[in-house]
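J.: One structure follows; several queries about it will come next.
The values are calculated or read from the model by the stated rules, or taken from the named source; none is laboratory data. If you're wondering where the values come from, they're calculated on a predicted model, not measured in any experiment. Every residue, glycine among them, receives a Cβ derived from its backbone with ideal geometry; neighbour counts consider all protein chains shown. Surface accessibility is based on the protein's heavy atoms, side chains included, excluding ligands, DNA and RNA. Shrake-Rupley method; radii C 1.70, N 1.55, O 1.52, S 1.80 Å.
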Amino acid sequence: MKPVSARALRRYADRCLGLQKYLRQPGDGRLQPVIAAVTLLWSLLVTRVLREISFHAVEQLVHSAGCQSLGIQRSFGNDALGYFTERLDPAVTRAALVGTLHRAKRNKAFENSRFIGLAIDGTTAGHSTQHSCALCRPQHNANKEVIGYRHQLATISVVGAGLVLPFDGEPYGAGDSEYAAGQRLLARALRQLGPRFANYLVVDSEYATAPFLHAADRAGIQVVARLKDNLPELAQSVERRFAGQPPTSTHRDGKNRIEIWDASDFAPWETLRWDRVRVIRYRQHKPDGTVIQAEWLTNFSSRQLGSLSLYHTAKTRWEIENQGFNDAKNRYGLEHICHHEPNSILIVWLITFLAIMMERLYRIRYLHRGTHRRRSADQVCRLLWLSLSCPTQLNSS
Ligand SMILES: [Zn+2]
């Protein structure tokens, strides 16, 4: 088995993920830096993987573990991280995230999957009691009184490809919206990824609007979107058609029984420039008696994607919640505000995504080669921690 250490992770990031240039030239806007950008940036990345989420913790870890075992040159104070992240250009970190995805695809990280999907969704990441920056969005109680502030972002992630890799985020402050941020995010992501990187985009119902679907059309990506009552005309004709019909097909999926209604000839709503809309309704019967029913619309034809495959594709929408937001928050501190300044907040979100991407590719695709069982994220985290106390052994690894 390959050794696991912070220094080995640094070598992997440099050589296998191609991050060496980014780590040295990450868009550092400091005028006369005393501490090299690579030292601060790698410290932020490796300590995120170690699940230490505050700038103060980064400073303490660098002091107490020693620079050599972390793969950096020198120690520093936590105020240096605030100053650095305020001045780091997010475009360069975004390009590094997309570059890492391209390299992962070239290295066949997704080769066991027929399709590569993208999911977009919004989340809250960071609360505060005071209004402190341009990204603070007021939170109201039932009487419309402001009870605090929160930070929100739309996020895009690779899904449905065996690895869930969030790779960009777009903040939306007061007066902005998740929907507008999602559109900006989609346009940027598809421009940077190129037209052939992903096969589909899966989104929740608030994105099932004509402008969003047209934007996806222009970018050449097909969409699977949740259908709810925000499209009343289509939702009602689906109900009228499917309610009186037996399912088009039934399937066994593990311990679940799946009934699917599938029709490709619904009329588009007034503003949608599609010839026809395909809609599936699935009814998932779980062994405990629970039944889950949902409707999804798409421009995939039934020849391109059969009913059961479309059901599975729709379900990949949950990956951005479960292995995206939940892991990012519970393990990697996405909700913690390290330094309350808009650029710094965005940079820390992007660095968190890069740390997650690095950890997953390292653990699932690099360490896992061979016949042994895949190590869990918790196991690799513990091994990385243990590596910090034995630098001499690591020199030979
Ligand atoms: Zn704020």
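J.: Taking the stretch 206-248 as the region of interest, how many residues are of a type in the set (Ser, Thr, Tyr) and either loosely packed, with under 15 Cβ neighbours inside 10 Å or part of a loop (DSSP other than H, G, I, E, B) (or both)? Before you say what the answer is, go through the steps one by one.
T.: Our first condition is that a residue be of a type in the set (Ser, Thr, Tyr); within the stretch 206-248, this holds for 207, 209, 237, 248.
Now drop any that are not either loosely packed, with under 15 Cβ neighbours inside 10 Å or part of a loop (DSSP other than H, G, I, E, B) (or both), which leaves 209, 248.
Of the residues in the stretch 206-248, 2 are of a type in the set (Ser, Thr, Tyr) and either loosely packed, with under 15 Cβ neighbours inside 10 Å or part of a loop (DSSP other than H, G, I, E, B) (or both).
J.: Identify, from the list 153, 163, the residue that is part of a strand (DSSP E or B), among the aliphatic types (A, V, I, L, M) and either under 17 Å from the mean Cα position of the chain (by Cα) or within 16 Å of the ligand (Cβ to nearest atom) (or both).
T.: Working: 163 fails: part of a strand (DSSP E or B).
None of the others qualify; the one that does is 153.
J.: Just to be sure I understand, how many residues within the stretch 302-327 are of a type outside the set (A, V, I, L, M, F, W, C) and open to solvent by 60 Å² or more (accessible area, probe 1.4 Å)? Working first, answer last.
T.: Of the stretch 302-327, the ones of a type outside the set (A, V, I, L, M, F, W, C) are 302-304, 306-307, 309, 311-313, 315-317, 319, 321-324, 326-327.
Subsequent filtering for residues that are open to solvent by 60 Å² or more (accessible area, probe 1.4 Å) retains 302-304, 312, 322-323, 326.
Total satisfying the criteria: 7.
J.: For the stretch 257-283, give me the residue count where each residue is of a type in the set (Phe, Trp, Tyr), over 10 Å from residue 311 (Cα atoms) and assigned to a strand (DSSP E or B). Spell out the reasoning first.
T.: At the first step, the residues of the stretch 257-283 found to be of a type in the set (Phe, Trp, Tyr) are 261, 266, 269, 274, 282.
Then drop every residue that is not over 10 Å from residue 311 (Cα atoms), which leaves 261, 266, 269, 274.
Okay, now just the ones that are also assigned to a strand (DSSP E or B), so 261, 266.
Qualifying residue count, the stretch 257-283: 2.
J.: Which numbered condition in (1) touching a helix residue (DSSP H, G or I) at 6+ places or on another chain (Cβ under 9 Å); (2) more than 25 Å from residue 209 (Cβ to Cβ) is the only one that residue 279 fails?
T.: The number of the failed condition is (2).
This table checks each residue for (1) crowded, with 16+ Cβ neighbours inside 10 Å; (2) assigned to a helix (DSSP H, G or I); (3) away from the ligand (no atom under 16 Å from the Cβ); (4) more than 22 Å from the chain's Cα centre (by Cα).
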{"position": "72", "(1), (2), (3), (4)": "yes, no, yes, yes"}
{"position": "76", "(1), (2), (3), (4)": "yes, no, yes, yes"}
{"position": "79", "(1), (2), (3), (4)": "no, yes, yes, yes"}
{"position": "118", "(1), (2), (3), (4)": "yes, no, yes, no"}
{"position": "122", "(1), (2), (3), (4)": "yes, no, yes, no"}
{"position": "133", "(1), (2), (3), (4)": "yes, no, no, yes"}
{"position": "142", "(1), (2), (3), (4)": "no, no, yes, yes"}
{"position": "157", "(1), (2), (3), (4)": "yes, no, yes, no"}
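J.: Next up: For residues that are touching a residue at least 60 places away in the same chain (Cβ under 8 Å) and of a type outside the set (Ser, Thr, Tyr), tally how many sit in the stretch 62-95.
T.: At the first step, the residues of the stretch 62-95 found to be touching a residue at least 60 places away in the same chain (Cβ under 8 Å) are 65-66, 68-71, 81-82, 85-95.
Keeping just the survivors that are of a type outside the set (Ser, Thr, Tyr) gives 65-66, 68, 70-71, 81-82, 86-92, 94-95.
The number of residues fulfilling the criteria is 16.
J.: For residue 321, are the conditions met, namely being touching an Asp or Glu at 6+ places or on another chain (Cβ under 8 Å), of a type in the set (Asp, Glu) and more than 16 Å from the ligand (Cβ to nearest atom)?
T.: yes
J.: Can you list residue pairs whose Cβ atoms sit under 6 Å apart, with the first residue in the stretch 361-379 being without any contact (Cβ under 8 Å) to a residue 60 or more places away in the chain and the second being open to solvent by 60 Å² or more (accessible area, probe 1.4 Å)? Count only pairs 6 or more apart in sequence or on different chains.
T.: 368/374
J.: Among the small types (Gly, Ala, Ser) and surrounded by fewer than 21 Cβ atoms within 10 Å (Cβ to Cβ): does that describe residue 27?
T.: Numbers: among the small types (Gly, Ala, Ser): yes; surrounded by fewer than 21 Cβ atoms within 10 Å (Cβ to Cβ): yes.
In short, yes.
J.: Could you say which residue among 58, 98, 49 is of a type in the set (Val, Ile, Thr) and over 22 Å from residue 337 (Cβ atoms)?
T.: 98
J.: Report whether or not residue 288 is farther than 18 Å from residue 229 by Cα and free of Cβ contacts under 8 Å to residues at least 12 places away in the same chain. Walk me through it before giving the result.
T.: Working: farther than 18 Å from residue 229 by Cα: yes; free of Cβ contacts under 8 Å to residues at least 12 places away in the same chain: yes.
The answer is yes for residue 288.
J.: Further, regarding this structure: Of these, 299, 330, which one is within 30 Å of residue 154 (Cα to Cα), surrounded by fewer than 16 Cβ atoms within 10 Å (Cβ to Cβ) and out of contact with any Ser or Thr (no Cβ under 7 Å at 6 or more places or on another chain)? Outline the logic, then answer.
T.: Numbers: 299 fails: surrounded by fewer than 16 Cβ atoms within 10 Å (Cβ to Cβ).
Only one candidate passes the filter, namely 330.
J.: I'd like to know if the stretch 46-56 contains one or more residues that are among the aliphatic types (A, V, I, L, M), surrounded by 21 or more Cβ atoms within 10 Å (Cβ to Cβ) and part of a helix (DSSP H, G or I).
T.: yes
J.: Next up: Among the numbered criteria (1) part of a helix (DSSP H, G or I); (2) open to solvent by 50 Å² or more (accessible area, probe 1.4 Å); (3) touching a Lys or Arg at 6+ places or on another chain (Cβ under 7 Å), which one does residue 368 miss?
T.: (1) is the only condition that residue 368 fails.
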